[in-house]
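Enquirer: The structure's right below; bear with me while I get my questions together.
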Amino acid sequence: SRAGLSPVLYAGPTPGGQLTETSVVENFPGYPEGVAGPRMMEDLRRQAERFGAAVRSGEVTEVALGSRPFRASIDGGAHEIEADSMIVATGATARYLGLPSERRFAGMGVSACAVCDGFFYRGRDVAVVGGGDSACEEALHLSTICRHVWLVVRKPFLRASAHMRRRVEQTPNIEILYGHTTDEILGGEGGVTGVRLRSSDGAGRTLAIEGFFLGIGHTPRTAVFGDQLLLDAAGYIVTRGGVAGGDCSGGDALFGPGATATSVAGVFAAGDVADPIYQQAVTAAGSGCRAALDCERFLNDD
Ligand code: NDP
């Protein structure tokens with residue numbers, strides 16, 4: 001908007017994205033006291049709108065990137081939009097284990113968002129599965145609400161950052177179960193009552209819990225673009241200056257380190273959808289800035 005272009009942003013099925021499902025964001029610059037995720041996303045929306053960006057509700061359900069102008073179909077064809085350039089910033093969604101009982105108890109004790117649903121388990125016993133930063137963050141959040149939090153980790157160690165590991169280990173009502181996988185979530189009409197685990201030596205164990213939280217990572221939201229943009233093996237959009245490293249030896253910034261250009265000229269990618277590694281609000285915001293500059297440069301050179 002500030003470059004005099006006319007950006008239109010479709011907010012998708014979860015406007016504001018994953019940050020609307022988090023509690024306090026403490027590692028985004030400019031907020032010395034931290035900021036609530038939903039509040040930060042509201043601020044970002046208002047800031048974009050102040051300069052004229054059109055933020056619309058609706059989900060892009062189909063794109064045609066074979067020729068320009070690109071076309072995007074919104075809400076299953078309810079309407080269409082044409083664009084000279086496109087930035088994909090569709091983020092990622094939480095992963096599930098794939099157990100039938102997970103589906104059966106979805107919303108009845110099974111959740112992938114401790115911040116959204118932890119409140120319902122006040123004073124109860126719950127389990128979190130996963131060994132990364134997401135799982136630790138969920139366990140820490142739940143430890144302030146719940147009576148006891150089991151952290152179920154399939155490896156003999158946590159892969160989370162040292163700071164997170166320390167915090168989890170020092171929280172008295174979090175108990176870590178290393179070397180355990182989940183066989184089944186147990187329950188009945190009233191919801192989850194327990195979880196059956198298996199340890200690495202084959203022994204079974206059942207925990208009595210009322211809430212089961214997933215913290216096993218995320219899947220990039222690239223289904224709509226999969227057949228038209230180059231993706232990596234995990235489904236993340238490959239960008240010219242992505243983790244594989246850029247090459248600006250030709251002097252063209254659109255191909256340099258950090259460049260957000262995708263395999264289709266004029267389409268750029270920013271945030272978690274193109275970042276399997278850092279996945280932080282601040283790194284996503286930084287790549288969004290790079291995508292906007294790359295997009296502007298592309299249109300100016302057009
Ligand atoms: P990660 O991929 O880092 O961790 C996923 C965890 O889930 C691993 O411990 C993995 O186990 C486990 N897991 C995966 N599949 C299964 C399964 N089927 N059964 C049991 N366990 C499973 O994902 P995160 O979402 O935790 O983190 C992603 C990125 O986001 C990281 O870079 C992280 O640092 C960052 N992040 C930072 C935060 C912060 O700074 N506040 C908060 C959240 C995320 P295994 O180790 O065996 O593979």
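Where a number appears in this text, it was derived from the coordinates with a stated rule and is not lab data. A quick note: this is a predicted structure, and the numbers were derived from the prediction, not measured. Reconstructed Cβ throughout: ideal geometry from the backbone, glycine too, with neighbour counts over all protein chains shown.
Enquirer: Compute the Rg to Rh ratio over the stretch 1-61 from the alpha carbon atoms, using the Kirkwood formula for Rh, and round to two decimal places.
Expert: On the way: Rg = 13.0 Å, Rh = 12.7 Å.
Rounded to two decimals, Rg over Rh is 1.02.
Enquirer: While we're looking at this one, here's another question. Please compute the volume of the convex hull spanned by the alpha-carbon atoms of the stretch 132-177 and report it per residue in Å³.
Expert: Details: hull volume 2.7 nm³, N = 46.
Roughly 59 Å³ of hull volume per residue.
Enquirer: Arranged by the count of other C-beta atoms within 10 angstrom, fewest first, what order do Thr239, Thr22 take? Mind dumping the intermediate values first?
Expert: Values: Thr239 29, Thr22 20.
Exposure proxy ranking, most exposed first: Thr22, Thr239.
Enquirer: While we're here: Place the peptides 186-196, 142-152 in order of packing, highest mean first, counting for every residue the other Cβ atoms within 10 Å and averaging per peptide.
Expert: The peptides rank, most packed first, as 142-152, 186-196.
Enquirer: Another question, if that's okay. Within the chain, what percent of beta bridges assigned by DSSP are antiparallel, to the nearest 5?
Expert: 55
Enquirer: Mean Kyte-Doolittle hydropathy of 0.0 or higher plus an axial Cα length of 27 Å or more: which whole DSSP H helices in the chain meet both?
Expert: 281-301
Enquirer: Can you order the peptides 112-119, 260-267, 74-81 by their average number of other Cβ atoms within 10 Å per residue, highest first?
Expert: 260-267, 112-119, 74-81
Enquirer: Separate question: Could you tell me the distance between the Cα centroids of the stretch 116-138 and the stretch 151-202, to the nearest Å?
Expert: 10
Enquirer: When the helix-only estimate is applied to the chain (DSSP H runs of n ≥ 4, each -39,500 (n - 2.57), divided by the residue count), what is the mean residue ellipticity at 222 nm, nearest 500 deg cm²/dmol?
Expert: Roughly -6000 deg cm²/dmol at 222 nm, from the helical runs in the chain.
Enquirer: log₁₀ I(q)/I(0) of the stretch 1-127 at q = 0.09, 0.13 Å⁻¹, via Debye over equal Cα point scatterers, no solvent, to two decimals?
Expert: After summing over all Cα pairs, the log10 values are -0.39, -0.76.
Enquirer: Say each of Thr181 and Thr283 gets a label point 7 Å from the Cα, pointing the same way as Cα to Cβ; how far apart are those two points in nm?
Expert: Computed distance between label sites Thr181 and Thr283 equals 2.8 nm.
Enquirer: Let me ask something else. Quick one: Debye curve from the C-alpha atoms of the stretch 86-145, no solvent, what's log10 I(q)/I(0) at q = 0.17, 0.18, 0.20 Å⁻¹?
Expert: For the stretch 86-145 at q = 0.17, 0.18, 0.20 Å⁻¹, log10 I(q)/I(0) is -0.64, -0.70, -0.83.
Enquirer: Here is a further query. How many percent of Cα pairs in the chain exceed 24 Å?
Expert: 58
Enquirer: Starting from 0.36 nm per residue, how many nanometres of slack lie between Arg205 and Ser1 once their C-alpha separation is accounted for?
Expert: That pair, Arg205 and Ser1, stretches by 67.8 nm at full extension.
Enquirer: Further, regarding this structure: Please compute the Cα-Cα pair-distance distribution of the stretch 94-229 with 5 Å bins starting at 0, giving whole percents from short to long.
Expert: Whole-percent P(r) values from 0 Å outward: 2, 11, 21, 23, 21, 11, 6, 3, 2, 0.
Enquirer: A further question on this structure: Give the long-range amide H neighbours of Ile176: residues separated by 5 or more places, or on another chain, with amide H under 5 Å away, using H modelled in the peptide plane at 1.01 Å from N.
Expert: Residues meeting the criterion, in which the H sits 1.01 Å from N, are Leu151.
Enquirer: Turning to a different aspect of this structure: Hey, what did the chain get for relative contact order, percent, Cα under 8 Å, at least 6 apart?
Expert: Details: 620 pairs, mean separation 49.5, N = 302.
Here the relative contact order equals 16 percent.
Enquirer: Given R₀ = 45 Å, FRET efficiency for Arg68-His163 by Cβ-Cβ distance, to 0.05?
Expert: In this case the efficiency is close to 0.45.
Enquirer: Also: Any idea what diffusion coefficient the stretch 151-209 gets from Stokes-Einstein, in µm²/s, Kirkwood Rh on alpha carbon pairs, 20 °C, 1.002 mPa s?
Expert: Result for D is 169 µm²/s.
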